[in-house]
Structure formats: structure tokens, C-alpha cells
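**Q** Attaching a single structure in C-alpha cells format; questions to follow.
Read-outs throughout are calculated quantities, based only on the coordinates presented, and are distinct from any laboratory measurement. Treat the numbers as computed from the prediction; the structure is a model and nothing was measured. Virtual Cβ from ideal backbone geometry, glycine too; neighbours counted across all protein chains shown.
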Amino acid sequence: MGKLIGLIIFVLDVIAILDCIKSNKTGGKKALWIILILVLPLVGLIAYYLVGKKQ
């Protein structure tokens, strides 16, 4: 069960990173969001969709 949850989080992180890359944010903001998602996978993912997508 834990492996499945880890896989789901990984896939969602990849989707969030691709969404961030395609967004119209500046290079610095993109880099910060990508680093946050990579370093803190679950927290970064949630923060990106709650805060990052609004900007």
C-alpha cells in the first residue's frame, strides 16, 4: 500500500512540475517552485496547487 501511495505522489509531483514549467511565471519563481516540489514532495505539491497556481 505504501508503494502505491509513493507512486501516486511521484506522478502528481511530475504533473505539478510540468505544469509549473508551462506556466507564465518568471524563471526564478519556476525554479523555486520546482525545488520546493522536489525537496518536499507532498507539502510542495499541496502548496503549489493552493498558492502557486493563483499567482
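**Q** The list (i) 1.00; (ii) 1.05; (iii) 1.11 gives values of Rg/Rh (Cα atoms, Kirkwood Rh), and only one came from this structure; which label was calculated from it?
**A** (i)
**Q** A further question on this structure: Show me the helices of the chain, taken as full DSSP H stretches, that run 15 Å or more along their long axis by Cα and average -1.0 or above in Kyte-Doolittle hydropathy.
**A** Those that clear 15 Å and a mean of -1.0 are 2-22, 27-39.
**Q** So what's the back-of-envelope 222 nm ellipticity for the chain, counting only DSSP H runs of four-plus at -39500 (n - 2.57) apiece and dividing by all residues, rounded to 500?
**A** Using -39500 (n - 2.57) per qualifying helix, the result is -26000 deg cm²/dmol.
**Q** At what distance in nm do the modelled label points of Val43 and Lys22 sit from each other, each positioned 7 Å from its Cα along Cα→Cβ?
**A** Each label point is offset 7 Å from its Cα along the Cβ direction, giving 2.8 nm.
**Q** Give the residue from Pro41, Ile21, Phe10 lying farthest towards the positive end of the charge dipole for segment 2-54; charges sit on Cβ (+1 for Lys and Arg, -1 for Asp and Glu) and the dipole is referred to the Cα centre.
**A** Farthest towards the positive pole: Ile21.
**Q** If the only charges are +1 at each Lys and Arg Cβ and -1 at each Asp and Glu Cβ, what is the size of the charge dipole of the chain around the Cα centre, to the nearest 20 debye?
**A** The dipole of the chain has a size of about 180 debye.
**Q** So for Leu4, Leu38, Leu45, fewest C-beta neighbours within 10 Å to most, what's the order?
**A** Placing the least packed residue first, the sequence is Leu4, Leu38, Leu45.
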